[in-house]
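Beneath this line is the structure, given in structure tokens, with notes to follow.
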Amino acid sequence: MLELQNIMKCYNPGTVNENLIFQDFNLSIPSGQFMTIIGSNGSGKTSMLNLICGNIKPDRGQIIMDGENTTNMAEHVRYKRMGRVFQDPAAGTCPSMTLLENLSLADNKNKAWNLTKAVEKQRIDFYREKLKRVGLGLENKLDEVVGSFSGGERQAVALLMATITPIDYLILDEHTAALDPKAAETIMQLTAEIIQEQNLTTLMVTHNLNYALEYGDRLIMLHQGEILLDVCGQEKSKLKLNDLLNKFFEISIEVGNAI
């Protein structure tokens, strides 16, 4: 289980740009749950992911991961158990390296770096099988540099790299937002398959309300650092797009149509 307990986070405290994101924020995500996260701009969605991943630290409160207090744990240590895919398709790959080199680099996560070849030839067939399932022909591009790939292809590679080694948590930060609709559908289908196969505890921030409804076991809506909506299971399956749009409309009225 992943728990955020009594979290407080304020940016630029004591200045004219002070921005209190969270105050006494609490959230528990059971192991194996796939949670989608929506919300207004500045509601705290990405800040929450950054707190979990260790990019930023809370001013107060604790982050508990499977009973272990990870609040002050270094970012690189946390990533031994988690993978993250960002909105920018270029963020999760090394553009100057070949696809084979990128996958080999990810495959060596948490392993000792000895004086051996970085690319193990016996793993090439394994990589090809992983790539075939994407359906983009990437299995035939192992020797091409990733910088030449399309956004959808790079995001597929980033997702495979994030999950190629055993992890417990998958963090998705609007990972389809920069893609065209067809590529986004491909990535979402691949995402759902990987999550189910590996039984990953997943947090997915998205602005696509249809994806928020279609995918995942649970949906939460954030606004100004608070959870306005939290539904799961059958209750989530009964939600309609208009339900979410009406909720956003209510928020818009409250803040003067500023979202």
**Report entry** Summed residue charge, Cβ within 13 Å of P89's Cβ, Lys/Arg positive, Asp/Glu negative
**Finding:** -4
Report summary line: With a Förster distance of 25 angstrom and the Cβ-Cβ distance between N41 and V16, calculated FRET efficiency to the nearest 0.05 equals 0.80
Query - Simple Cβ-charge dipole of segment 1-98, Lys/Arg +1 and Asp/Glu -1, about Cα centre, in debye nearest 20 - result: 160
Query raised in the report: For the chain, with the dipole built from +1 on Lys and Arg beta-carbon atoms and -1 on Asp and Glu ones, taken about the Cα centre, which of P58, N199, G42 lies farthest toward the positive end?
Result: N199
Query - Net charge dipole size for segment 31-148 [Lys, Arg +1 and Asp, Glu -1 on Cβ; Debye, nearest 20] - result: 180
Query raised in the report: What is the antiparallel percent of DSSP beta bridges lying wholly in the chain, to the nearest 5?
Result: 55
Report summary line: When the charge dipole of the chain is computed with +1 at the Cβ of Lys and Arg and -1 at the Cβ of Asp and Glu, the Cα pointing farthest to the positive end, of I124, Y215, I251, is that of I124
Query raised in the report: Given q = 0.16, 0.21 Å⁻¹, what are the Debye log10 I(q)/I(0) values for segment 52-199, with equal point scatterers placed on the Cα positions and solvent ignored?
Result: -0.90, -1.38
Requested in this report: Quick one: go through segment 141-160 and flag any residue whose amide nitrogen is under 14 Å from the point 7 Å out along the Cα-to-Cβ line of M97.
Outcome: 143-147, 157-160
Query raised in the report: In straight Cα distance, which lysines are under 27 Å from K80, not counting same-chain residues fewer than 8 positions off?
Result: K9, K45, K57, K109, K111, K117, K121, K130, K132
Query raised in the report: HN-Hα J couplings of segment 167-177 from phi, Karplus 6.51/-1.76/1.60, θ = phi - 60°, integer Hz, Gly and Pro as x?
Result: 9, 9, 10, 10, 10, 10, 9, 6, 6, 10, 5
**Report entry** Eligible aspartates and glutamates near K238 by straight Cα distance, threshold 18 Å, same-chain separation 8 or greater
**Finding:** E214, D217, D230
Query raised in the report: What is the distance, in nm, between label points placed 7 Å from the Cα along the Cα-to-Cβ direction at D24 and at D143?
Result: 6.4
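Which FRET efficiency, nearest 0.05, do F126 and M1 yield, Cβ-Cβ r, R0 35 Å? Provide the component values of the computation, followed by the final result.
Working: r = 32 Å, r/R0 = 0.90.
Calculated value: 0.65.
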Query raised in the report: In nm, what is the difference between 0.36 nm times the number of residues separating K182 and H76 and their Cα-Cα distance?
Result: 34.8 nm
**Report entry** Value of [θ]222 nm, deg cm²/dmol, for the chain, DSSP H segments ≥ 4, -39500 (n - 2.57) each, nearest 500
**Finding:** -9500 deg cm²/dmol
**Report entry** Net dipole in debye of segment 92-204 [+1 Lys, Arg Cβ; -1 Asp, Glu Cβ; about Cα centre; nearest 20]
**Finding:** 340
Report summary line: Under the rule rounded for a/c under 1.5, else prolate if a/b exceeds b/c, else oblate, using alpha carbon gyration tensor axes a ≥ b ≥ c, segment 144-208 is classed as oblate
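None of the figures in this text is laboratory data; all of them are computed from the coordinates on show. The shown structure was predicted, so the numbers you read here are calculated from the model rather than taken from an experiment. Glycine also receives a Cβ, built like all others from the backbone with ideal geometry; neighbour counts cover every protein chain displayed.
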